[in-house]
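Below is one structure; the comments refer to it alone.
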């Protein structure tokens with residue numbers, strides 16, 4: 001018996017010691033990750049910017065960054081990227097930038113911010129090279145400022161103009177016996193159009209045509225300017241399908257030549273004056289972000305609040321603009337005496353009209369105490385424009401999609417679907433004729449229909465009133481440019497929706513001037529999560545998405561996401577962009 005206890009306690013002691021050692025090892029690893037050493041940037045380095053990366057307003061943290069793989073880096077936010085390019089302009093270790101142009105999922109305003117930063121970078125006497133196997137139009141929109149643009153000899157350059165395709169669900173809903181009960185204000189408010197029509201309305205076709213033409217003309221103009229070409233000739237290339245093969249793009253001056261990847265690298269070695277067998281010091285932008293201190297410091301504080309995603313009631317998620325969260329962020333900046341001005345970067349197609357009103361209220365209060373400047377990104381429409389319209393100054397990029405002053409609500413009637421397709425029926429009792437809430441299990445009563453439309457009309461009037469007061473216009477004028485219509489940043493400036501065209505940095509500079517400060521630093525919100533939250537949250541989300549994709553497939557997962565978004569719209573008054581705009 002004594003031998004048993006002796007062995008037991010020896011094993012227990014060994015387990016305790018082993019556990020303590022593991023805890024200390026893990027603490028050391030986590031500590032090392034939390035305080036990583038800065039990577040060294042060697043002389044004659046070339047920054048690599050992959051245009052295929054999807055950029056958000058704030059940095060996308062990679063919890064696995066620093067665990068050994070050279071490819072595992074955080075993805076900088078858009079403004080981080082702009083500041084890094086600006087810093088590299090004066091960094092003697094960086095000789096140039098290499099653009100990978102095989103894709104570009106970002107919006108036109110994002111592309112133009114990057115493009116402007118690269119133009120400024122070149123003023124420092126440094127080069128920009130661009131290369132792609134197949135170069136899409138948005139990637140080319142950035143790349144056309146490069147010193148040299150090359151394409152794979154067997155690849156292609158996309159030069160065919162822009163298009164938008166919408167999916168209409170009316171026929172499918174009729175086959176499923178689903179009645180979409182829709183109430184809206186604004187003839188251009190086409191968010192509900194896929195549910196109530198089998199093709200575009202004339203109003204929607206008009207606004208999309210004008211929007212695409214604005215963006216297309218911008219592409220032609222910037223290309224002609226950067227490449228010293230003629231816009232008429234560029235338009236002819238599109239209309240007559242003259243760019244069919246990569247050599248056609250060379251002939252018309254769109255690119256500088258056809259090269260394989262190794263040939264481009266050889267030319268870069270010559271430019272860098274290194275041996276043809278030496279490796280080029282390519283530095284991914286995520287690595288560069290870890291290596292340098294690129295954020296300005298100063299005595300005063302300007303609060304920079306990023307508002308990206310759908311606008312929702314409550315706190316919302318990291319990918320949403322929750323009214324409670326953003327009211328608190330603006331209020332916090334208003335109460336902070338060190339904060340001399342507030343800049344809000346908006347990238348949102350809108351959402352809940354009530355949430356938009358609540359954020360508008362907080363911005364209006366803040367504006368009474370300190371300057372509030374708004375900067376629009378790719379999209380700042382509907383509810384996002386609602387809460388922005390009362391700022392001291394509103395900036396947009398030429399390719400920003402804005403406006404969409406209108407409101408809608410959807411309450412589907414699934415009674416016949418449940419009964420005819422599933423054999424399910426519903427019944428109940430109530431104490432008054434209208435005691436039951438809005439439901440999808442039966443059609444709306446005449447009273448409910450009248451109440452919903454009256455609510456929509458009232459919210460639309462509130463929306464127009466907020467814009468009229470904020471922009472110093474009449475309600476009738478706002479109605480003439482409203483009705484749910486979307487505008488480009490260029491046209492938004494013309495009709496008075498925005499004050500000036502400019503980047504986020506331009507908006508920050510404006511806020512600093514209004515606050516009469518030159519010595520300032522930025523406080524950026526929402527603040528990043530802790531390392532452990534990033535690690536556990538990122539892992540949980542990744543595994544959840546993976547499980548859904550494994551079960552449903554890629555197309556099934558996209559459908560599930562669409563259903564989830566539609567469900568969130570049901571029964572809630574929406575000031576939201578009329579469509580998910582994907583420009584090809």
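The values are calculated or read from the model by the stated rules, or taken from the named source; none is laboratory data. As the structure is a prediction and not an experimental result, all values here were calculated from the model. Reconstructed Cβ throughout: ideal geometry from the backbone, glycine too, with neighbour counts over all protein chains shown.
Quick notes
- Some residue of region 267-288 being surrounded by 15 or more Cβ atoms within 10 Å (Cβ to Cβ), part of a helix (DSSP H, G or I) and in contact with a helix residue (DSSP H, G or I) (Cβ under 8 Å, 6 or more places away or on another chain): yes
- Number of the condition not met by residue 361 [criteria: (1) over 20 Å from residue 312 (Cβ atoms); (2) free of Cβ contacts under 8 Å to residues at least 40 places away in the same chain]: (1)
- The residue list 293, 300 contains one member that is exposed (fewer than 14 other Cβ atoms within 10 Å of the Cβ) and either out of contact with any helix residue (DSSP H, G or I) (no Cβ under 7 Å at 6 or more places or on another chain) or within 30 Å of residue 245 (Cα to Cα) (or both), which is 293.
- Apart from one condition, residue 418 fits all of (1) crowded, with 16+ Cβ neighbours inside 10 Å; (2) touching a residue at least 60 places away in the same chain (Cβ under 8 Å); the exception is (2).
- Count of residues meeting criterion [within 12 Å of residue 257 (Cα to Cα) and either surrounded by 20 or more Cβ atoms within 10 Å (Cβ to Cβ) or free of Cβ contacts under 8 Å to residues at least 60 places away in the same chain (or both)] in region 155-173: 1
- Restricting the search to helices (runs of 4 or more DSSP H) fully inside region 198-259 and requiring at least 1 residues that are within 21 Å of residue 128 (Cβ to Cβ) and assigned by TED's automatic domain parsing to the domain that holds residue 149 gives 246-251.
- Residues within region 471-481 that are surrounded by fewer than 22 Cβ atoms within 10 Å (Cβ to Cβ), within 29 Å of the chain's Cα centre (by Cα) and touching a residue at least 12 places away in the same chain (Cβ under 8 Å), tallied: 3
- Considering residues of region 175-189 that are over 18 Å from residue 413 (Cβ atoms) and either in contact with a strand residue (DSSP E or B) (Cβ under 9 Å, 6 or more places away or on another chain) or assigned by TED's automatic domain parsing to the domain that holds residue 486 (or both) only, the residue surrounded by the fewest Cβ atoms within 10 Å (Cβ to Cβ): 188
- Residue check for residue 145: at pLDDT 90 or above, at negative phi, part of a loop (DSSP other than H, G, I, E, B) and not assigned by TED's automatic domain parsing to the domain that holds residue 410: yes
- Matching residues, region 463-496, being out of contact with any helix residue (DSSP H, G or I) (no Cβ under 7 Å at 6 or more places or on another chain), under 23 Å from residue 343 (Cα atoms) and either outside the structural domain of residue 369 (by TED's automatic domain parsing) or not in a helix (DSSP H, G or I) (or both): 472
- Meets criteria (in contact with a strand residue (DSSP E or B) (Cβ under 8 Å, 6 or more places away or on another chain), more than 20 Å from residue 111 (Cα to Cα) and in the same structural domain as residue 87 (by TED's automatic domain parsing)) for residue 155: yes
- Selection count where residues are farther than 13 Å from residue 291 by Cα, at pLDDT 95 or above and surrounded by fewer than 19 Cβ atoms within 10 Å (Cβ to Cβ), scope region 57-93: 4
- Residues located in region 420-461, provided they are within 35 Å of the chain's Cα centre (by Cα) and either assigned to a loop (DSSP other than H, G, I, E, B) or at positive phi (or both): 438, 439, 440
- Test: residue in region 380-400 that is touching a strand residue (DSSP E or B) at 6+ places or on another chain (Cβ under 6 Å), free of Cβ contacts under 8 Å to residues at least 40 places away in the same chain and surrounded by 24 or more Cβ atoms within 10 Å (Cβ to Cβ): yes
- In the condition set (1) surrounded by 12 or more Cβ atoms within 10 Å (Cβ to Cβ); (2) more than 30 Å from the chain's Cα centre (by Cα); (3) at pLDDT 95 or above, residue 465 is compliant with all but (2).
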